[in-house]
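The values are calculated or read from the model by the stated rules, or taken from the named source; none is laboratory data. This structure is a prediction, so every number in the text was calculated from the model and none was measured. Here Cβ is always computed from backbone atoms with ideal geometry, including for glycine, and neighbour counts include all displayed protein chains. What goes into the accessible areas is simple: the full protein's heavy atoms, side chains included, and nothing from ligands, DNA or RNA. Shrake-Rupley method; radii C 1.70, N 1.55, O 1.52, S 1.80 Å.
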Amino acid sequence: MKVIKRDGSVVNYDRSKIITAIRKANTEVTEEDKLSQDRMEAIADKIEGTMRARILVEDIQDLVEQGLVAENKFHLAKKYIIYRYNRALVRKANTTDESILSLLRNENKELAEENSNKNTMIAATQRDYIAGEVSRDLTRRILLPEYISKAHDEGAIHFHDADYFIQPIFNCCLINIGDMLDNGTVMNGKLIESPKSFQVACTVTTQIIACVASNQYGGQSVDMSHLGKYLRRSREKFRKQMTYQCAGAVDEATLERLVNDRVRDEMKSGVQTIQYQINTLMTTNGQSPFVTLFLNLREDDPYLEENAMIVEEVLRQRLEGIKNEKGVYITPAFPKLVYVLDEHNCLKGGKYDYITELAVKCSAKRMYPDYISAKKMKENYEGNVFSPMGCRSFLAPWKDENGNYKFEGRFNQGVVSLNLPQVGILAKGDEVEFWRLLDERLKLCFDALMCRHNALKSVRSDSSPIHWQYGAIARLPKGASIEPLLYGGYSSISLGYIGLYEVTKLVKGCSHTEPEGEEFAQRVMQHLRSTCDRWKKETNIGFALYGTPAESLCYRFARIDKERFGTIPDVTDKGYYTNSYHVDVREQIDAFDKFTFESQFQKISTGGCISYVEIPNMRHNLEALKELVRFIYDNIQYAEFNTKSDYCQCCGFDGEIVLNEDNEWECPDCHNTDRTKMNVTRRTCGYLGENYWNVGKTKEIRSRVLHI
């Protein structure tokens, strides 16, 4: 039996500790109130008789109290309760020593693997993690109600980002970069006026990104279309300079060529500034800013031609990569790229298909960009196309006082995720019991989410001027409350979920890709969505259903449930749960059918939805990848590719990184085992070695995509 301590650590069950605690209470009561040794042993026997693989230390103590009362030893029970209370006071004095020391000794594997973008060896990162451990401790012991902390520890729910909960900061956002560039901003008390050129606009943008990242804990997105205006300003400035310098000495065609050359040089330098600054700047949490560049070519954009040039250059530079310390070109983790497919660039003869072809080459070599279908997104968001926040969570449509849709300058308050398979396990195949338990767990999630919301109600604009006073989110006066921005759907707050596939197997005995399972899975998703909609109506807070992208949570929930409930075939035996509504990696389904099937759930999970497929190395088979991109445009809102080809940033190895004898990912060329310096793409989607697709498909394009 494993015992979960109050700090979340897991230790082996020790019977002697129960006996010792009762004996200490025994010394403080009269002889007639003492409990005999054999009755102490009987209480311990009863605890062990529960046959639980995993148990909270509080539950053990509750069972001891119940055992003493059952023995009619009321005075002894009282002394035990007092003893328990005094021990709790001692614990409240300090519970972080060991976790912090293990971090400094680089022995905390859980932290090391939590975020591949954060190197726990670096002093700046350690400083952030030390603060995070203190925050996590205070959150568990003091800030959260005990029943929510217990639900988190038992894996019923996951209270995301407890390491930042004590601070007046929120999750992720869409920066209102257009307003900040057009109307200026302030950083570190210094006025930054509207740029006069593209190069300066790019520099200011990266400084804004770094400042924003240092004052929130989630990702951010920047719509690159706002930079087109500044590229035109540079063009106008160069034309004026060239016209003056040439003074009629060259013809108009030559003048235009000279201007274009200067513009392209500046554009290349500006985009390079963004890429290199994002990858070299370190925020206050010791990592590069978690930022997504949104690449959307809108037909009604007055600067469409300039923005087409910028998007093309962003993709060219991403295709090339960035050199590491050994001079090897690698794929940078940031910025992430999200590319919008529309009628003019969906590879069906559109004007900007050449840019999408470049994006496809990029996907084949560098994994990014991800793809959004403007066609499908407009169906789900009242005709709008806008960026996800950071990478994957979406806002709901919202109109300002003039009736105009607004997305930039909005944010997410926080996330709590639900362990769906655990509900199915506890229901034991009884569907009526499943729905009852599901509503119980949803109430838990609501209470936890309200803790997130209430923690932000007292925040003042002075806590992060870049967000609240100088345009990233708002332009509030000094000392103003941000509370009005928490209501009316202006910001979102997200209910995440893990394991729709597994809960369907548990309740219906089949996959959610089978007809009976699909109907059940649809009802589960609709119930989650209608619950969020009801919460939103009751509270005037923007609750949203979010297909959780936290891959590490898939492993955490599965590990806890296996320890607690044992091995359950096709559920806890895999070592992971399937993310959100996704098809399990072991299903015999090809990429096209997977996207088609999952698109039905994206319509429901509008607070966050992404589907991904794992594909072979497609660098020499781009036509097949283009066909898949065309399919995305017509069939699914948001999609991403994971290639089977792993990548080592130390030596440039491009092949399969394998697990060594110590269960660590190791590059077969240079033997690097540092996860922060390698891309193990299978880890991001739960791929465990089984064939991902049905080899029996005969359609020509599918056989090319499968590359089998």
- Test for Asp251: is it among the charged types (D, E, K, R) and in contact with a Ser or Thr (Cβ under 8 Å, 6 or more places away or on another chain): no
- Does at least one position in region 212-234 carry a residue that is open to solvent by 70 Å² or more (accessible area, probe 1.4 Å) and over 36 Å from the mean Cα position of the chain (by Cα)? yes
- Task: Filter region 506-527 down to residues that are assigned to a helix (DSSP H, G or I) and of a type in the set (S, T, N, Q) and give me whichever is surrounded by the most Cβ atoms within 10 Å (Cβ to Cβ).
- Result: Gln522
- Query: Looking at region 418-437, is at least one residue under 22 Å from the mean Cα position of the chain (by Cα), farther than 26 Å from Met187 by Cβ and part of a loop (DSSP other than H, G, I, E, B)?
  - Reply: no
- Within region 1-40, of all residues that are exposed (fewer than 14 other Cβ atoms within 10 Å of the Cβ) and among the β-branched types (Val, Ile, Thr), the one modelled with the lowest pLDDT is Val10
- Qualifying residues in region 161-205 (those that are in a loop (DSSP other than H, G, I, E, B) and polar (S, T, N, Q)) - the one surrounded by the most Cβ atoms within 10 Å (Cβ to Cβ): Asn176
- Note on the structure: Over region 315-352, the set of residues open to solvent by less than 20 Å² (accessible area, probe 1.4 Å) and in a helix (DSSP H, G or I) is Leu315, Gln317, Arg318
